[in-house]
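Everything below concerns the one structure shown next.
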Amino acid sequence: MSGTAAVEDLPWWKRAVIYEVYLRSFKDSTGDGIGDLQGVIEKLDYLNEGTALSLGQAEHREINPSPSLRIDAIWITPFYPSPMADFGYDVMDFISVDSLFGDLPTFDRLLHEAHRRGIKVIIDFVPNHTSDRHPWFIESRRSRDDPKRDWYIWRDAGTDGSLPNNWGSPFGGPVWTWDEATGQYYLHQFLKEQPELNWRNPELRQAMMDVLRFWLDRGVDGIRMDVIGMIVKDAQFRDNPPNLEADPDLHPDDIFGRQVHLYNEDQDDVHKILQDMRALLEEYDDRCALGELGYPLDRWVRYYGEDGDGLHLPLNFRLMERPWTAQAIRQLVEEIEAILPSFAWPTYVLGSHDAPRMASRLGGDQVRIAAMLLLTLRGTPILYQGDELGMENARIPSERIRDPQGLRLGHERSRDISRMPMLWDGSAHSGFSSSEPWLPVSADYATKNVAAQATDPGSNMNLYRRLIRYRSSSPAMLDGSYRSVDTGSKDCFVYLRQLGQERCLVALNFTSHSRALSTALGGNGSVEISTYLDRSEATSLERIDLRPHEGLIIEMDP
Ligand code: GLC
């Protein structure tokens with residue numbers, strides 16, 4: 001097929017489907033109700049059982065013949081020693097593994113077993129803050145003269161004892177906590193148990209680069225950088241202006257929600273640090289940097305670096321944020337295509353451990369449209385565990401809420417709703433654990449689980465499997481151009497992916513009504529995948545019939 005050679009030359013992270021493993025809730029191997037690294041090893045075959053080529057024919061047959069998703073890379077949420085005030089995003093030691101999750105040898109085994117199956121491993125790096133129990137912070141708060149004092153951000157009180165500035169935390173309340181012993185405030189944009197590191201200090205910067213080197217030397221393929229846009233703050237710590245459009249019903253403690261975040265994040269100086277991190281990655285073979293950040297498109301795009309010397313993949317959550325209409329989503333994709341410089345590779349995220357489940361936002365039928373969209377757009381798709389099953393937000397009894405955001409800003413803000421255990425089968429605790437899990441199992445686990453969906457040819461999971469297989473075998477999907485196609489219908493989003501002679505049309509019906517689309521493309525094609533997984537047939541491109549909530553991938557005849 002034309003273009004195939006070029007596609008094989010693409011770096012892995014451009015070809016990959018990335019799958020987020022929220023470690024605490026993926027698979028518990030020890031029976032303590034919390035997921036762990038050995039649990040991930042046990043479920044690797046589900047993610048990708050590997051090819052006969054990577055494993056050797058006989059070994060391949062022995063290893064679980066069960067249907068696997070065939071994703072190419074996993075991003076694993078933090079496994080470092082932590083008091084778990086923010087469930088692992090409060091790190092006590094950046095170069096070790098919490099005994100809750102395993103140990104370093106288990107991590108090495110996971111890396112090895114993943115690589116054997118052709119799965120790349122991306123780890124979470126938390127550069128903005130540590131736990132208040134990290135030895136660096138314990139030293140830093142010892143005295144104003146401590147050599148590590150300046151590794152964190154300390155400020156005097158105002159003359160009247162007031163806070164150093166007005167910034168608010170996304171978890172509620174102000175970002176400053178008073179330290180009685182040394183008579184200064186320290187900065188924490190999240191919990192007071194998460195003091196912020198001072199990236200303007202060269203020794204701290206070096207220490208964090210050494211952390212990256214530790215994991216790169218161990219063989220990890222990628223780094224997902226947590227809240228990367230926050231690591232540098234305004235040098236003068238100026239007050240943020242009020243957000244005049246803020247929702248008047250915000251929780252009284254939600255100072256963060258009432259401000260425009262002008263000075264606490266997205267400062268120009270962050271880009272030099274990203275260049276340094278990127279230069280470090282370039283010393284290794286084929287490693288990839290992802291970064292968690294939001295911001296308007298023109299600010300977000302700067303994180304690729306001026307000449308592509310920043311992040312490979314600045315995460316893009318906009319499909320989860322824009323109104324779910326064909327026109328709004330088309331406009332979003334066009335805006336992204338238009339703003340990306342030629343060196344920048346797009347990426348799209350459709351779920352995460354911080355956001356409500358898309359299945360609950362869109363409803364069961366549109367969730368299949370979302371899957372087809374995510375896996376056919378130009379760029380690297382990032383899936384969140386359980387979305388392939390159509391998992392919905394959990395209803396969690398108040399007394400079982402654990403997320404600090406939910407506990408502080410109201411239960412409706414709890415991120416626990418998308419962090420419940422993975423649903424492996426219909427047995428007790430959904431096959432996730434042999435004991436009661438740390439968060440309750442979703443009520444619909446008996447039917448919405450991996451085992452049940454594996455045997456149902458039309459299941460959501462089988463749609464993901466088909467789409468992922470199709471994507472990885474189609475040069476046009478992997479590396480083709482993107483172009484929106486006009487059809488005269490406002491309810492459908494249609495686009496063309498093309499590489500050389502290979503042309504694939506994707507047609508998505510965002511409504512619960514049938515639609516007949518006419519395109520000016522002319523000619524004929526064949527339906528390769530319907531979101532209903534029930535048809536493959538020839539079709540004219542002058543008139544494309546879509547059933548309610550139906551999406552199609554159509555290969556155009558040459
Ligand atoms: C990121 C993580 C989130 C965490 C926060 C603070 O946004 O994804 O789970 O609470 O950083 O570390």
(request) Go through segment 259-273 residue by residue and turn each phi into a ³J(HN,Hα) via Karplus (6.51, -1.76, 1.60, θ = phi - 60°); whole Hz please, and just put x for glycine and proline. (result) 10, 8, 8, 7, 10, 8, 7, 6, 8, 4, 5, 5, 5, 5, 5
(request) List the residues whose amide H sits under 5 Å from the amide H of S82, counting only those 5 or more places along or on another chain, with H placed 1.01 Å from N in the peptide plane. (result) M92
(message) Could you work out [θ]222 nm for the chain from helices alone, using -39500 (n - 2.57) per DSSP H run of at least four and dividing by all its residues? Round to the nearest 500 deg cm²/dmol.
(response) -7000 deg cm²/dmol
(request) Could you go through segment 15-26 in sequence order and give the Karplus-derived ³J(HN,Hα) for each residue, using 6.51 cos²θ - 1.76 cosθ + 1.60 with θ = phi - 60°, rounded to whole Hz, and x for Gly and Pro? (result) 8, 6, 9, 9, 10, 7, 9, 7, 3, 4, 10, 8
(request) Could you check how much of the accessible area of the chain is carbon and sulfur, as a whole percent, using a 1.4 Å probe? (result) 49 percent
(request) Round to a whole angstrom and tell me the spacing of the C-alpha centers of segment 364-396 and segment 191-216. (result) 34 Å
(message) Classify the chain from the C-alpha gyration tensor, please: rounded if a/c falls under 1.5, else prolate or oblate depending on whether a/b exceeds b/c.
(response) prolate
(request) Over the chain, give the accessible area per residue in Å² for a 1.4 Å probe, as an integer. (result) 39 Å²
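So for the chain: antiparallel DSSP bridges make up what percent, rounded to the nearest 5?
Around 60 percent of the beta bridges assigned by DSSP in the chain are antiparallel ones.
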(message) Rounded, prolate or oblate, given the Cα gyration tensor of segment 298-380, with a/c below 1.5 counting as rounded?
(response) prolate
(request) Rounded to the nearest Å, what's the spacing between the alpha carbon centres of segment 244-285 and segment 103-170? Just the number, please. (result) 16 Å
(request) Classify segment 318-425 as rounded, prolate or oblate from the Cα gyration tensor: take a ≥ b ≥ c as the square roots of its eigenvalues, call it rounded if a/c is under 1.5, otherwise prolate when a/b beats b/c and oblate if not. (result) prolate
(message) For H129, what residues show an amide H to amide H distance below 5 Å, using hydrogens built from the backbone and excluding near sequence neighbours?
(response) L197
(message) Take the residue pairs K120/K192; K120/K148; K192/K448; K14/K43; K43/K148; K14/K148 and return only those whose Cα atoms are more than 32 Å apart.
(response) K120/K192; K120/K148; K192/K448; K43/K148; K14/K148
(request) Taking the chain as the reference, fit the longest principal axis to its C-alpha atoms, fit the long axis of helix 104-116 to the helix C-alpha atoms, and give the angle between the two in degrees, 0 to 90, nearest 10. (result) 20 degrees
(request) Beta carbons within 10 angstrom, averaged per residue: use that to sort the peptides 440-451, 184-195, 236-247, 518-529, highest first. (result) 184-195, 440-451, 518-529, 236-247
(request) Return the sequence-ordered ³J(HN,Hα) values of segment 281-298 in whole Hz as given by the Karplus equation 6.51 cos²θ - 1.76 cosθ + 1.60 applied to θ = phi - 60°, using x for Gly and Pro. (result) 4, 5, 5, 9, 7, 6, 9, 10, 10, 10, x, 8, 7, x, 6, x, 3, 5
(request) Hey, can you grab everything whose amide H is under 5 Å from the amide H of Q385? Only 5+ residues off in sequence or another chain; H modelled, so Pro and N-termini drop out. (result) E20, Y22
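The values are calculated or read from the model by the stated rules, or taken from the named source; none is laboratory data. Computed from a prediction, not measured in an experiment: that's the story for all the values here. Every residue, glycine among them, receives a Cβ derived from its backbone with ideal geometry; neighbour counts consider all protein chains shown. To get the accessible areas, we keep the full protein, side chains included, count just its heavy atoms, and leave off ligands, DNA and RNA. Shrake-Rupley method; radii C 1.70, N 1.55, O 1.52, S 1.80 Å.
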